[in-house]
């Protein structure tokens, strides 16, 4: 009986350890690297082994804003329908990333709904270390056009309520 109880406890602990999410998952606030202004609240999540990200709220545009500056369709976009008729908040603008290591994902795409440009996407989690560069948990969101040419934004860790409520008043 003691062996069975020990086995059940051991399996329970193992299940909890393996069920933990990757540190990139969760709620984040995107910040424009040029102006240092907050732009949107995001949710980053896994589905079927791939990483996705959707906008929950925008800092400067009202609810219901349509992504009318994007193309009608994009290769491998994960939702059916005309992308340029969708709202900015809701669709997965980040899609198809695969895990390289814990806290490192690559091989997917990110679409900028403000202009419709699509980029190769890499995401790297940086744990808060008290330094000037990473005083808080930070998500490095890198968009590239190829050959390593691109730019990075550094997003701040958030919570669901804050990330969902950036809408202009």
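Could you tell me whether any residue of region 120-136 is modelled with pLDDT of 95 or more and out of contact with any strand residue (DSSP E or B) (no Cβ under 9 Å at 6 or more places or on another chain)? Checking region 120-136: not a single residue is modelled with pLDDT of 95 or more and out of contact with any strand residue (DSSP E or B) (no Cβ under 9 Å at 6 or more places or on another chain). Residues in region 111-128 that are exposed (fewer than 15 other Cβ atoms within 10 Å of the Cβ) and more than 26 Å from residue 86 (Cα to Cα): 127, 128.
Just a yes or no: is a residue in region 84-97 surrounded by 16 or more Cβ atoms within 10 Å (Cβ to Cβ), touching a residue at least 40 places away in the same chain (Cβ under 8 Å) and over 21 Å from residue 156 (Cβ atoms)? Yes, the conditions are met somewhere in region 84-97. For region 24-61, filtering for residues that are exposed (fewer than 15 other Cβ atoms within 10 Å of the Cβ) and either within 11 Å of the chain's Cα centre (by Cα) or in contact (Cβ under 8 Å) with a residue 24 or more places away in the chain (or both) leaves 4. For region 129-169, taking the residues that are free of Cβ contacts under 8 Å to residues at least 24 places away in the same chain and surrounded by 14 or more Cβ atoms within 10 Å (Cβ to Cβ), the one that is nearest to residue 109 (Cα to Cα) is identified as 142. When you check residue 92 against the structure, is it within 24 Å of residue 72 (Cα to Cα) and under 12 Å from the mean Cα position of the chain (by Cα), yes or no? In short, yes. Mind counting the residues in region 64-81 that are in a loop (DSSP other than H, G, I, E, B) and in contact with a strand residue (DSSP E or B) (Cβ under 9 Å, 6 or more places away or on another chain)? The qualifying residues number 11. Of all residues in region 132-169 being under 17 Å from the mean Cα position of the chain (by Cα) and in a loop (DSSP other than H, G, I, E, B), which is farthest from residue 35 (Cα to Cα)? Step by step, filter region 132-169, then rank; the result is 159. Every condition in (1) within 21 Å of the chain's Cα centre (by Cα); (2) closer than 24 Å to residue 108 by Cβ; (3) at pLDDT 90 or above is met by residue 64 except one, and the failing one is (2). Taken over region 20-63, residues that are outside any loop (DSSP other than H, G, I, E, B) and either at positive phi or out of contact with any strand residue (DSSP E or B) (no Cβ under 9 Å at 6 or more places or on another chain) (or both) amount to 1.
Restricting 108, 103 to residues that are at positive phi, surrounded by 12 or more Cβ atoms within 10 Å (Cβ to Cβ) and at pLDDT 95 or above narrows the list to 103.
The values are calculated or read from the model by the stated rules, or taken from the named source; none is laboratory data. Note that this is a predicted model, so its numbers are computed, not measured. Virtual Cβ from ideal backbone geometry, glycine too; neighbours counted across all protein chains shown.
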